[in-house]
Amino acid sequence: MAGRGLTERRAQQKRYKEDVEREGKAFFPHAMFHDTVMSLVVVCVIIGLACVWYFTSGEEPEDVGWLGPRYTDEADPGTTSFVPRPDWFFYFLFYLLRIFKWPETVVLGTVGIPTIALVLLLALPFVDLRRERRILRRPVALVAAILTVISMGVLTYKGATAKESLPAENVLKVPEWAEKQGFAGDEQALAGAKLFAQAGCQNCHTYLGTGIANAGAPDLSEIGAEEGKDQDYFVRYVGNPAQFGNQVMPAFLGLGEENLKAIGAFLAASKGEK
């Protein structure tokens, strides 16, 4: 079988060379013309997208148009509420990472799937040795291309429409948290809950279904029910997580003792929904 396959490939290569000699086209002007037309198409698409972006957006940052705002607010280097997002062409990877949970399966989204896709792409020329170029006669390649486009399109759409946990929205949920957790009458815990929502803590932590789980940060909805974790413990932990072996979470000593005590009271009162 192997010998016959090699003989067939040699015969195909011979026929291919004969066809090129008999019907071949010179690089100039034929190949250059094709490249020029394709380059012109790409440039026209880019110009078209730029025109759509410009004419559908407005002068205000809120008027985002079809492809994003024309202007955005100036960057604030001191913000604690910024929610980073990638450029639109990375939205599919952005949402892919949301599917996998830290730390159990996140390596699949960051290393596994991209590596597998790259290996398959590199191996394709060595696996598919047929000289057939008409796409309708290559069902496997056609199906694979369609599935790739659909999956990337869906992931891009999901990434573009994914809702982020904004501090202003989280602050509005503080009364709901207090009612569910039972600390509505504790002024210090209420103040701590507002600080927790405003300081960007939910960029990494989740609380009663709100926030984003990043870098292995735990859900804090029932953190106060764990043994030995009282207000003093949380004051020391939030102030300097490194002393407890947490090298990922930043220190919040800059909040001041009063604010740390308020956050500590809030976390200590978070024992789960009543």
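When Ala197, Ala184, Ala251 are checked against the criterion of being over 26 Å from Glu104 (Cβ atoms) and buried (at least 17 other Cβ atoms within 10 Å of the Cβ), Ala197 stands alone in meeting it. Regarding Gly159, is this residue in a helix (DSSP H, G or I) and either within 32 Å of the chain's Cα centre (by Cα) or within 30 Å of Asp232 (Cβ to Cβ) (or both)? Considered against the rule, which asks whether it is in a helix (DSSP H, G or I) and either within 32 Å of the chain's Cα centre (by Cα) or within 30 Å of Asp232 (Cβ to Cβ) (or both), Gly159 comes out as yes. Phe33 falls short of the stated requirement of being touching a Pro at 6+ places or on another chain (Cβ under 9 Å), among the hydrophobic types (A, V, I, L, M, F, W, C) and modelled with pLDDT of 80 or more.
If a residue has to be exposed (fewer than 10 other Cβ atoms within 10 Å of the Cβ) and of a type in the set (Phe, Trp, Tyr) to count, how many in region 125-164 make the cut? Of the residues in region 125-164, 1 are exposed (fewer than 10 other Cβ atoms within 10 Å of the Cβ) and of a type in the set (Phe, Trp, Tyr). Pairs linking a residue in region 95-123 that is of a type in the set (A, V, I, L, M) to a residue that is modelled with pLDDT of 85 or more, with Cβ atoms under 8 Å and 6 or more positions apart or on different chains, are Leu96/Ile113; Leu96/Leu155.
Residue pairs whose Cβ atoms lie under 7 Å apart, separated by 6 or more positions or on different chains, with the first residue in region 262-273 and closer than 14 Å to Tyr237 by Cβ and the second among the aliphatic types (A, V, I, L, M) and not in a helix (DSSP H, G or I), are Leu267/Leu220; Ser270/Leu220. Every condition in (1) more than 27 Å from Gln202 (Cβ to Cβ); (2) in contact with a Lys or Arg (Cβ under 9 Å, 6 or more places away or on another chain) holds for Ile150 except the one numbered (2). Would you confirm, using the coordinates I've provided, whether Trp66 is outside the structural domain of Gly211 (by TED's automatic domain parsing) and either touching a Gly at 6+ places or on another chain (Cβ under 9 Å) or modelled with pLDDT under 75 (or both)? The answer is no for Trp66. Just one of the numbered conditions (1) aromatic (Phe, Trp, Tyr); (2) within 27 Å of the chain's Cα centre (by Cα); (3) surrounded by fewer than 13 Cβ atoms within 10 Å (Cβ to Cβ) is not true of Phe55: (2). Selection of region 211-229 for residues being in contact with a Ser or Thr (Cβ under 9 Å, 6 or more places away or on another chain) and of a type outside the set (Asp, Glu) yields Gly211, Ile212, Ala213, Ala217, Pro218, Leu220, Ser221, Ile223, Gly224, Ala225.
The values are calculated or read from the model by the stated rules, or taken from the named source; none is laboratory data. Since this is a predicted model, take the numbers as computed values, not measurements. So basically every Cβ, Gly included, is an ideal-geometry build from the backbone, and we count neighbours across all protein chains shown.
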